[in-house]
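Peer 1: Please find one structure pasted underneath; my questions will follow.
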Amino acid sequence: MMQLKRYERFLDEDFLQGKLHPKLFITYFDYYNTILKYWKRILSSSIPLDYQALIAKILLIYDDREKLSEFYSRFKSFEIFASFSRIIAIQGEYSKIENIIEKENKGEIDTRIFYLFDFYLHVVEYYSVVNNLERAEEYLNKASITLTQIFEIEEEKKLRKLYEVMYLYTESLLNYMKHLYIKGIYISEKAVQKILKHDITDVYLHAYLLNMQGNCLLYSGSIIESKVAYAESIKLFNSENIERGKIVAKANYAVVLLKQGFFKEGLKHLFNILIFMEKKKELRNIAMINAEIIYAYRLLNNIPESLKFLEKAIKISEKYNIALDYIYPLASETYSIVNKFDKAEMYLEKYSKIFQLNEPKLNAYYTTYITTKGIFEFYKMNYYSSRDYLLKGINYSRELNLFPQALNALLYLIELYLVMFKIETNKANRQRILEEIELYSQEIIILLKELNAFYQLVNYMLLLATVFIYTNKLYLAEDLIKRVETICKKHDLNYKEENIKQINQLLKKTKTSSRFEQTPFSMDFSFEIDNLIKQYTTKGLLTSEIRSSSNNFRLFHFLMIIENVPFYSYSYGDIFHSDELLIVGMINAIKNISKTLRLKKGELRILEHSEYVMILLGKNEFTIALFVDRFSYALKKKTEEIAVLIEKKLLEYPYENILEFEELKEYIDIMIKEIYFN
């Protein structure tokens, strides 16, 4: 209850016979219930400004908008408005908050410095919501200056860490709104650690920090960690009966379900939460929930429902100038799918104009723009133009660690290559297209595995197996099919049995064919293969039988090339151990994770592997591949730490003795366990 300690030294213990003095209360919920009990007396009393600030803060924590509005209407004080400003920003009453901002800029506000601090933080959130990020930065700087002034007050020094955490939460929020998810993760984690280290007993702040951390983790690709953060957030909100916070965290958890392919379950939760948000008039949350519903219906191939919710999302977003960074690209993509290219282009241009994307910029907005442009060109059947935009979007997404954008662009790129393959007549060109499908489908598999989206994962593994058959890499196809069978059995994906049967028949037929009479490129197979690959495009998610699945299936997700032994190749010429099949495709998924990664042409073969490490040999160089349970851009620092330690150890082993590496392997396994799992 450290928030209450901010007010204690200013409060008259005799007000309302001391019934509202913070020292009497253990939880926020107790204080809130006491406010409700004495509400009529509070409104009819002459309340000191510091009590007004405290009561408004508690009403904000419990999202009691009716009473907070009534309270402000009764007293009209800035001390109340410092909390009330967050509510009116959420509800789109922008003129009210702009009027107070103007008064504060003119120096017409006379209040305690820490109430100004609260106000500045809420103004940052307001400007973030309405996409005015420059003004948001300006007020974050104001909050920072105010924070320094607060620390000069002797009595406030004991609450220094609390103020720092409040500031860090808002800084993390701003970075999330700017799509700087990795930075948001680091800032929110720093704040959470301060709460734990300094025993800051503020459940409200702690829970919202965990929820924000979950958001940043989700959109940076760390879905397992995001689920943990949301679950902890919900637990804390429950402990103080903070209903709105719990609903917000549950909405985010429902988004996780959609990302994993559990559309029915995710949609059920989102529809229930949408009712709550519409009742509360939470405009940005309404727009964002509609966006997720649109996405889910699209994947379920229910385009009419998707368009219905899209129109609703566009209307509210444009009216209140909120979430346009999400809604406009989504609108362009969705209208492209249904061949309404005028509308698709219009919303793409609106997006470009708002975020000033007339020239290339290495940021999330431009990355989203060129990816959406690639999707637009794909549906207009401008395939080469589409390919160029999508590849550029993929590269930018990797560099910026934008997990959803990277995956979406990759899915469309595969669909594009499948179309190009079907219309291409030149054998050499068809071969090159298959090689591209082979490479990028493996990266998709890695990203889908991180989402635990096993339904889609199996689709793309079967697609890859089909390509392996087509290119006569039968041992790789056979290995991959076995892995698909294992996943389906483990996660009860029985409805894939027919697909697996078709692939096995194709594999058997190819094995028995004479290479001289019938090559893998023979058109005798084209009809069968075309039927198979149809099921693996972005439009192929037609079934509603999506089952729950556990998180036990292992897939390694980190490849680290050690500095001074830089070597890698896309060669499939050597036999890979079945568990490490995806080693070749990993290079593009992680190449921006480490500063020590470099590329060279060459041959590649696995020498040895253990539970956590694999040694690969190429020409006169060797590499170390590290793999763990999870793929997370947020683990970049730890991975680099591993690279440095391994590099030092490698100096003890001359190249000619590298095969005798049992001691090295043991050392690396122990080190990785310590760094990743302790």
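Peer 1: Can you compute the FRET efficiency between GLU345 and ASN141 using 1/(1 + (r/R0)^6), with r the Cβ-Cβ distance and R0 = 35 Å? Round to the nearest 0.05.
Peer 2: 0.40
Peer 1: Still on this structure, I have one more. To the nearest 20 Debye, how big is the dipole of the range 355-423 about its Cα centre, given +1 on the beta carbon of each Lys and Arg and -1 on that of each Asp and Glu?
Peer 2: 80 debye
Peer 1: When the Kirkwood radius is taken over all Cα pairs of the range 105-189, what Stokes-Einstein diffusion coefficient follows at 4 °C and 1.567 mPa s, in µm²/s?
Peer 2: 97 µm²/s
Peer 1: Could the peptides 120-127, 4-11 be put in order, highest first, of the mean number of other beta-carbon atoms found within 10 Å of their residues?
Peer 2: The most tightly packed comes first, giving 120-127, 4-11.
Peer 1: Over all distinct Cα pairs, what is the inverse of the mean 1/r for the range 55-170, reported as the Kirkwood hydrodynamic radius in Å?
Peer 2: 14.5 Å
Peer 1: For LYS361 and VAL338, what does the FRET efficiency come to when R0 = 30 Å and r is the distance between their Cβ atoms, rounded to the nearest 0.05? Numbers along the way, then the final one.
Peer 2: Details: r = 30 Å, r/R0 = 0.99.
After rounding, the FRET efficiency stands at 0.50.
Peer 1: Continuing with the same structure: Say the cut-off is 32 Å between C-alpha atoms; which of LYS264/LYS315; LYS246/LYS361; LYS264/LYS373; LYS340/LYS361 go over it?
Peer 2: Result: LYS246/LYS361 exceed 32 Å.
Peer 1: Something else: Quick one: length gained pulling GLN193 to ASN99 fully straight, 0.36 nm per residue minus the C-alpha distance?
Peer 2: Between GLN193 and ASN99, full extension yields 30.1 nm more.
Peer 1: What is the extension gain from TYR384 to LYS489, computed as 0.36 nm multiplied by their sequence separation minus the C-alpha to C-alpha distance, in nm to one decimal?
Peer 2: Working: separation 105, 0.36 × 105 = 37.80 nm, distance 3.96 nm.
Extra length from TYR384 to LYS489 when fully extended: 33.8 nm.
Peer 1: Please report the projected area of the range 203-283's Cα convex hull averaged over all directions, in nm².
Peer 2: Dividing the Cα hull surface by four gives the mean projection, 5.1 nm².
Peer 1: Run the quick spin-label model on ARG160 and GLN17: label points 7 Å from Cα toward the beta carbon, then report their separation in nm to one decimal.
Peer 2: A separation of 4.2 nm, rounded to one decimal place.
Peer 1: Less than 12 Å Cβ to Cβ from LYS343, Lys/Arg counted +1 and Asp/Glu -1: what total charge do the surrounding residues give?
Peer 2: -3
Peer 1: Which shape class, rounded, prolate or oblate, goes with the range 2-231 when its Cα gyration tensor gives a ≥ b ≥ c as root eigenvalues, a/c under 1.5 marks rounded, and past that a/b bigger than b/c marks prolate?
Peer 2: Prolate, since a/c reaches 1.5 and a/b exceeds b/c.
Peer 1: Need one word for the range 367-482: rounded, prolate or oblate. Basis is the Cα gyration tensor (sqrt eigenvalues a ≥ b ≥ c); a/c below 1.5 gives rounded, then a/b vs b/c decides.
Peer 2: It is oblate, given that a/c is not under 1.5 and a/b is not larger than b/c.
Peer 1: Which order do peptides 336-344, 285-293 fall in by mean Cβ count within 10 Å, highest first?
Peer 2: Numbers: 336-344: 15.6, 285-293: 23.2.
Listed from highest to lowest mean packing, they are 285-293, 336-344.
Peer 1: When N is the residue count of the range 355-423, what does its C-alpha Rg come to as a fraction of 2.2 N^0.38 Å?
Peer 2: 1.06
Peer 1: Moving to a separate point now. At R0 = 25 Å, how high is the FRET efficiency between GLN91 and LEU36 if r is their beta carbon distance? Nearest 0.05 is fine.
Peer 2: Values: r = 22 Å, r/R0 = 0.87.
Efficiency computed from Cβ-Cβ geometry: 0.70.
Peer 1: Stretch THR148-GLU134 to full length: gain in nm at 0.36 nm per residue minus the Cα-Cα span?
Peer 2: Here the segment from THR148 to GLU134 would lengthen by 2.9 nm.
Peer 1: How far apart, in nanometres, would the label points at GLU435 and ASN321 be if each is projected 7 angstrom from Cα along the Cα-to-Cβ direction?
Peer 2: Output for this residue pair reads 5.1 nm.
Peer 1: Residues of the range 379-397 with backbone nitrogen within less than 17 Å of a virtual label 7 Å along the Cα-to-Cβ line of ASN426, please, listed as ranges.
Peer 2: The answer is 383-385, 387-388, whose backbone nitrogens lie closer than 17 Å to the label point.
Read-outs throughout are calculated quantities, based only on the coordinates presented, and are distinct from any laboratory measurement. Keep in mind that what you see is a predicted model, and the values were worked out from it rather than measured. Positions of Cβ are backbone-derived with ideal geometry, glycine not excepted, and every protein chain shown enters the neighbour counts.
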